[in-house]
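Engineer: Quick one: this structure, given as structure tokens, is what I'll be asking you about.
The values are calculated or read from the model by the stated rules, or taken from the named source; none is laboratory data. Note that the structure is a prediction, hence the values are computed from the model and not measured. Using ideal geometry, Cβ is built from the backbone for each residue, glycine included, and neighbour counts are taken over all protein chains shown.
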Amino acid sequence: MPRHEKIHGHEVKKEEFANNCFGCGPANEAGLRLEFVLDKERGRFVCQFQLADRFVGPPGHAHGGIIATILDEAMGKVNKLRNVIALTGRMEIDYLRPVPLSTPLLVEGWELRVDGREHIHVAEIRNGNGEVLASSIGTFIEIDAHRMFAKYLKKKHSDAT
């Protein structure tokens, strides 16, 4: 059987998509890089984390936008329980106490209810003592990702003609 060799100009380029999500993407060096695990028993996505000093808002504490991002990320992970892709439609946040930097923290997200394409989720950020520092409720709208993001998902191929 003849051995096939690559000939210059006849390669098919494969484009790979890295996870650059600001919240959970390991490929995003500037991001939070949150790593969630599923607590199957309670049906919750859980992440233990510490915020670096670069996420500062008030001295020694997290910026409100970073807190919102963490809560959004925790609620968004819950869509995996139903194997759907749903985007944040609306979010309400209660900033209860300042969220400290460089301190072990925990965020959890879980499902409250589903109404058609609307998935209602809840999340909380807690400190090491279990005190709730921030909480949120969000409405996520189920989408057809292939249709919505088709122009971003098309693979580019070089023609070997």
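Engineer: Taking residue 31, is it of a type in the set (Gly, Ala, Ser), surrounded by 15 or more Cβ atoms within 10 Å (Cβ to Cβ), under 12 Å from the mean Cα position of the chain (by Cα) and more than 15 Å from residue 105 (Cα to Cα)?
Structural biologist: Spelling it out, residue 31 is indeed of a type in the set (Gly, Ala, Ser), surrounded by 15 or more Cβ atoms within 10 Å (Cβ to Cβ), under 12 Å from the mean Cα position of the chain (by Cα) and more than 15 Å from residue 105 (Cα to Cα).
Engineer: Still on this structure, I have one more. Between 99, 84, which is closer than 10 Å to residue 119 by Cβ, hydrophobic (A, V, I, L, M, F, W, C) and either out of contact with any Cys (no Cβ under 6 Å at 6 or more places or on another chain) or surrounded by 15 or more Cβ atoms within 10 Å (Cβ to Cβ) (or both)? Explain how you work it out, then say what you get.
Structural biologist: Details: 99 fails: closer than 10 Å to residue 119 by Cβ.
Exactly one residue qualifies, and that residue is 84.
Engineer: Can you run down the residue pairs with Cβ atoms below 9 Å, 6 or more apart or on separate chains, where the first is in segment 89-106 and on the phi > 0 side of the Ramachandran plot and at pLDDT 95 or above and the partner is outside any strand (DSSP E or B) and surrounded by 16 or more Cβ atoms within 10 Å (Cβ to Cβ)?
Structural biologist: 102/51
Engineer: I'm trying to understand the selection: among the residues of segment 127-143, which are more than 18 Å from the chain's Cα centre (by Cα) and in contact (Cβ under 8 Å) with a residue 12 or more places away in the chain?
Structural biologist: 127, 128, 131, 132, 133
Engineer: Can you tell me which of 68, 62 is surrounded by 15 or more Cβ atoms within 10 Å (Cβ to Cβ), among the small types (Gly, Ala, Ser), touching a Phe, Trp or Tyr at 6+ places or on another chain (Cβ under 7 Å) and in contact (Cβ under 8 Å) with a residue 24 or more places away in the chain?
Structural biologist: Unique residue meeting the criteria: 62.
Engineer: Let me ask you something else. Provide a single number: the residues in segment 50-80 that are over 14 Å from the mean Cα position of the chain (by Cα) and closer than 18 Å to residue 107 by Cβ.
Structural biologist: 10
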